[in-house]
Amino acid sequence: MIKEGADEAKKSDFIFATTTLAKQMMETTQDAATNAKTVLGYSLPAAFADLEDGSEAKEMVKQGNFYGIAMKIIEMYESGSFPTPNSSNLLAAFMDGSNKAI
């Protein structure tokens, strides 16, 4: 993954970022395989818009946490207010509010 002779600072940043992401995923994902199998068993269409209006499935999606979060992300993205990483310091996304590494 890392080329021999790579810049040490860039290598260190890469290792820090990948380790942080792995740690976060391990802490937040309980059983992704079981969840994925369950969701795949729902036989849902490819897009929310394809769900039949008033159907139980569409109402269940609306009641879940993901729908509200997804709609807010779309709204913020379209209005230009969705936060984006600082292009001059991409690793800043891996810091908490007190500038400590996650």
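Key figures for this structure:
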read-out	value
Calculated FRET value between Ala49 and Thr84, using beta carbons and R₀ = 25 Å, to 0.05	0.40
Heavy-atom accessible surface of region 41-98: percent carbon and sulfur, 1.4 Å	57
Distance between modelled label sites at Lys37 and Ala92, nm, 7 Å Cα→Cβ extension	4.4
Contour minus Cα-Cα distance for Thr18 and Met60 (0.36 nm per residue)	11.7 nm
Restraint check, Lys37/Lys58; Lys3/Lys37; Lys11/Lys37; Lys3/Lys72; Lys23/Lys58, Cα-Cα greater than 29 Å	Lys3/Lys37; Lys11/Lys37; Lys3/Lys72; Lys23/Lys58
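The values are calculated or read from the model by the stated rules, or taken from the named source; none is laboratory data. The model shown is predicted, which means the values in this text are computed figures rather than measured ones. All Cβ positions, even for glycine, are placed from backbone atoms using ideal geometry, and neighbour counts span all protein chains on display. Calculation scope for accessible area: heavy atoms of the full protein, side chains included, ligands and nucleic acids excluded. Shrake-Rupley method; radii C 1.70, N 1.55, O 1.52, S 1.80 Å.
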